[in-house]
Structure formats: structure tokens, C-alpha cells
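A.B. asks: Attaching a single structure in C-alpha cells format; questions to follow.
The values are calculated or read from the model by the stated rules, or taken from the named source; none is laboratory data. Predicted model only: the values in this text are computed from it and were never measured. All Cβ positions, even for glycine, are placed from backbone atoms using ideal geometry, and neighbour counts span all protein chains on display. These accessible areas exclude ligands, DNA and RNA; they are computed on the full protein's heavy atoms, side chains included. Shrake-Rupley method; radii C 1.70, N 1.55, O 1.52, S 1.80 Å.
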Amino acid sequence: MFISLFEVDASNRINGINMNIYIDNNGNANIEEVWDTYLDSGTEGYRSFSDLGNSSINSFSVFDDSGKFYNYQGSWDTSLSFDAKAYKNGINYTYDGLELCWGISDYGNRVYTLKYNITNFVNQYTDKQGI
């Protein structure tokens, strides 16, 4: 299940991603990702998921290093302009999964914090549990 990180060209870079994951007694995961980036082009960041199986993602939120909380849009339109995406986040559904998306909003050194939940993160098999 998961991870394709960020659309990056030669000038954009991800300096690091720190993740905090809490798994509750029901096998659901509450996840916080802190992205330390340098960006000087593009309109959005995204985090891809594929093959989620019985899992689903909900409660997606974003805030940045300025303390600005982004406005959740639900469905994300990847074709919108930089200004139309600024300080907004949403989910882009793809043929094999989804992308958690947010507007870059300002270029330069930026830190974005993504929070979301994954239901059924831990699966019960006949002989063990797994993720």
C-alpha cells in the first residue's frame, strides 16, 4: 500500500519527511507527516496512495509553517492555477488510488504538515495481523 512522494523537478526538493503514526485499538491509523521542502515552481504538492484494499482515508487536513490552516475542498482539481489552489487541500481520485493534494501557496523554504486517518490500517489474517 502507498508511497509516491511529491512532484519534483530539478529545482524543487524535499529536504525531509517526518512521520508520526498512532494505531488505535481498532487497527485504524492516525498519521501526521511533516514535509520540509524547498519549492520554486509548480502549483501543488501531493501524496499518492494506491491499492488501499479495504482501507479508506479521511479527515485530511494541512497547515504550513506560517500557521495557516488550509481550506479542505473535498475533490481536488489538478488543472487549477497557483492562486486558485493557494491555501487549499483536497483529494484527487485516480484510476488506482488517490492523491492527498495541497496548494504550494508560497515558494521558498516551506514546511507542510499533513494529517489524515487510514481506516483498517491493520488487517487480520488467519494466522497473524499485518499492514
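A.B. asks: For region 34-52, what are the residues that are hydroxyl-bearing (Ser, Thr, Tyr), open to solvent by 10 Å² or more (accessible area, probe 1.4 Å) and in a strand (DSSP E or B)?
C.D. replies: Tyr38, Tyr46, Ser48, Ser50
A.B. asks: Shifting gears a bit: Return the residues of region 18-33 that are open to solvent by 50 Å² or more (accessible area, probe 1.4 Å) and either modelled with pLDDT under 95 or aliphatic (A, V, I, L, M) (or both); say none if nothing qualifies.
C.D. replies: Met19, Ile21, Ile23, Asn25, Asn26
A.B. asks: Okay, moving on. Can you give me the number of residues within region 16-61 that are of a type outside the set (Phe, Trp, Tyr) and without any contact (Cβ under 8 Å) to a residue 40 or more places away in the chain?
C.D. replies: Count: 9.
A.B. asks: Just name the residue that is surrounded by the fewest Cβ atoms within 10 Å (Cβ to Cβ) out of those in region 53-75 that are of a type outside the set (Lys, Arg) and in a loop (DSSP other than H, G, I, E, B).
C.D. replies: Applying the filter and picking the extreme gives Gly67.
A.B. asks: May I pose another question? What number of residues in region 108-130 are farther than 14 Å from Ile31 by Cα and in contact (Cβ under 8 Å) with a residue 24 or more places away in the chain?
C.D. replies: Total meeting the criteria: 7.
A.B. asks: In this structure, does Trp102 turn out to be aromatic (Phe, Trp, Tyr) and more than 21 Å from Asp36 (Cα to Cα)? First the steps, then the outcome.
C.D. replies: Details: aromatic (Phe, Trp, Tyr): yes; more than 21 Å from Asp36 (Cα to Cα): no.
When the stated conditions are applied, Trp102 does not pass them.
A.B. asks: Among the residues that make up region 88-107, is at least one of them open to solvent by 30 Å² or more (accessible area, probe 1.4 Å), of a type in the set (A, V, I, L, M) and either more than 23 Å from Ile14 (Cα to Cα) or in contact (Cβ under 8 Å) with a residue 60 or more places away in the chain (or both)?
C.D. replies: The answer is no; no qualifying residue exists.
A.B. asks: Just for region 89-131: of the residues that are of a type in the set (A, V, I, L, M) and in a strand (DSSP E or B), which one is farthest from Leu52 (Cα to Cα)?
C.D. replies: Val111
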